[in-house]
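To start, the structure under review is shown below, and the notes come after it.
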């Protein structure tokens, strides 16, 4: 009996191989790696947060000026 992999997102086999490599490098699983990358990109784009997501208390926020 062949085991079937179920994915809830669209990615090429090459993308998954890259994700595996990044996850291994950081010592994380794929889910944690994706979450970490999303957080990093979010704070890069929105350093002061958004109306729904605010920086953590005590976080150093650099102005965009």
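Read the figures in this text as sums done on the coordinates, not as results from a lab. Source: prediction; values computed, not measured. Backbone-built Cβ (ideal geometry, glycine too); neighbour counts: all protein chains shown.
Using the Cα gyration tensor of the chain, with a ≥ b ≥ c the square roots of its eigenvalues, what is the shape: rounded (a/c below 1.5), prolate (a/b larger than b/c) or oblate (neither)?
Values: a/c = 2.94, a/b = 2.54, b/c = 1.16.
Verdict is prolate for the chain.
Mean-square fluctuation check for the chain, GNM, Cα pairs under 10 Å: which of 32, 23, 11 is largest?
Greatest mean-square fluctuation among the candidates belongs to 11.
Using only the alpha-carbon atoms, how far is helix 30-45 inclined from the longest principal axis of the chain? Give it as 0 to 90 degrees, nearest 10.
It is inclined by approximately 30 degrees.
Explain nothing, just the number: relative contact order of the chain, from Cα pairs under 8 Å at least 6 residues apart, as a whole percent. Walk me through the intermediate numbers first.
Values: 20 pairs, mean separation 10.2, N = 65.
Relative contact order, the chain: 16 percent.
How far apart, in nm, are the 7 Å Cα→Cβ label points at residue 40 and residue 3?
Here the modelled spin labels are 2.8 nm apart.
How do 53, 34 line up, fewest other C-beta atoms within 10 Å first? Write down the numbers at each step before the final one.
Values: 53 9, 34 15.
With the fewest neighbours first, 53, 34 line up as 53, 34.
Once every DSSP H run of n ≥ 4 in the chain is given -39500 (n - 2.57) and the sum is divided by its residues, what mean residue ellipticity at 222 nm do you get, rounded to the nearest 500 deg cm²/dmol?
Values: 2 runs with 30 residues, N = 65.
Mean residue ellipticity, 222 nm, calculated: -15000 deg cm²/dmol.
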